[in-house]
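The structure appears right after this line, and notes come after that.
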Amino acid sequence: MIRKLQENQMGEKLAQAFPNKTKIAICIVVRTCLVIVICLAGVRGINGIKEWFSSLKGIVIFCVLFAIGIFWGFYPLIHLRDLLIFYENGIRVNKRNYLFSQIGKIRFCDYQTGILTHQMMQTDLRNFDVTYLARPKRAYNQAYLN
């Protein structure tokens with residue numbers, strides 16, 4: 001009941017930002033290649049694999065570390081569900097509605113870690129990671145500044 005009431009208060013949909021599938025795919029490829037390189041360096045190349053796989057303990061350690069690495073490599077897939085919708089009286093971030101009276105002013109901040117650029121949407125309530133969305137600033141400008 002409260003959710004439907006809040007959806008009615010949101011007003012008309014003005015713009016939205018969908019997941020950037022290209023960026024997600026590039027991140028997955030880079031992370032997976034990094035995991036493979038680190039695993040091969042850890043076993044000292046292709047010839048070192050024979051030493052690791054000569055005992056059951058080596059096989060288990062290698063498989064556990066490789067599984068953790070692959071999980072880390074494919075982690076950006078969870079961002080395929082990300083969605084940002086701008087309404088007249090608020091926003092929806094990943095199926096949660098926020099009225100402007102709750103979140104206050106919206107600001108965008110880009111920061112770089114290594115070669116990757118991350119993007120945050122900062123509000124008075126909390127900061128939202130919009131790194132994997134396609135052009136969230138453009139959607140915001142289209143919704144409220146045009």
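Just so it is clear, none of the values below were taken in a lab; they were calculated from the coordinates. As the structure is a computational prediction, the values presented were derived from the model and not from experiment. Heads up, the Cβs are rebuilt from the backbone with ideal geometry, glycines too, and the neighbour counts pull from every protein chain shown.
What percentages make up the Cα-Cα pair-distance distribution of the chain when the bins are 5 Å wide from 0?
2, 9, 14, 16, 13, 10, 8, 8, 6, 5, 4, 3, 1, 0
Dipole magnitude of the chain about its Cα centre, charges +1 at Lys/Arg Cβ and -1 at Asp/Glu Cβ only, in debye to the nearest 20?
Details: 19 positive and 8 negative charges, 29 e Å.
Roughly 140 debye for the chain.
Under the classification rounded if a/c is under 1.5, otherwise prolate if a/b is larger than b/c and oblate if not, where does the range 24-76 fall, given a ≥ b ≥ c as square roots of the Cα gyration tensor eigenvalues? Write down the numbers at each step before the final one.
Working: a/c = 4.61, a/b = 1.96, b/c = 2.36.
Oblate, because a/c is 1.5 or more while a/b does not exceed b/c.
For the pair Val60/Glu12, report the inter-label distance in nm, with labels modelled 7 Å from Cα in the Cβ direction.
Placing both labels 7 Å beyond Cα along the Cβ direction yields 6.4 nm.
Amide H of Tyr87: which non-local residues (sequence gap of 5 or more, or other chain) have their own amide H closer than 5 Å, using H built in the peptide plane?
Placed amide hydrogens put Leu14, Arg92 under 5 Å from Tyr87.
Going Cα to Cα from Lys105, which lysines come in below 22 Å? Please leave out same-chain ones fewer than 8 positions away.
Within the straight-line limit of under 22 Å, Lys105 reaches these lysines: Lys13, Lys95, Lys137.
Which FRET efficiency value, to the nearest 0.05, is calculated for Gln122 and Phe53 with the Förster distance at 30 angstrom and r the Cβ-Cβ distance?
Working: r = 49 Å, r/R0 = 1.64.
Efficiency for this residue pair is about 0.05.
Short version: ³J(HN,Hα) in whole Hz for each residue of the range 114-121, in order, from phi by Karplus 6.51 cos²θ - 1.76 cosθ + 1.60 (θ = phi - 60°), x for Gly and Pro, what are they?
x, 9, 9, 9, 10, 10, 10, 9
Residue by residue through the range 19-27, what is 3J(HN,Hα) from phi via Karplus (6.51 cos²θ - 1.76 cosθ + 1.60, θ = phi - 60°)? Round to whole Hz and write x for glycine and proline.
Per-residue couplings from phi come out as x, 8, 5, 5, 5, 5, 5, 5, 4 Hz.
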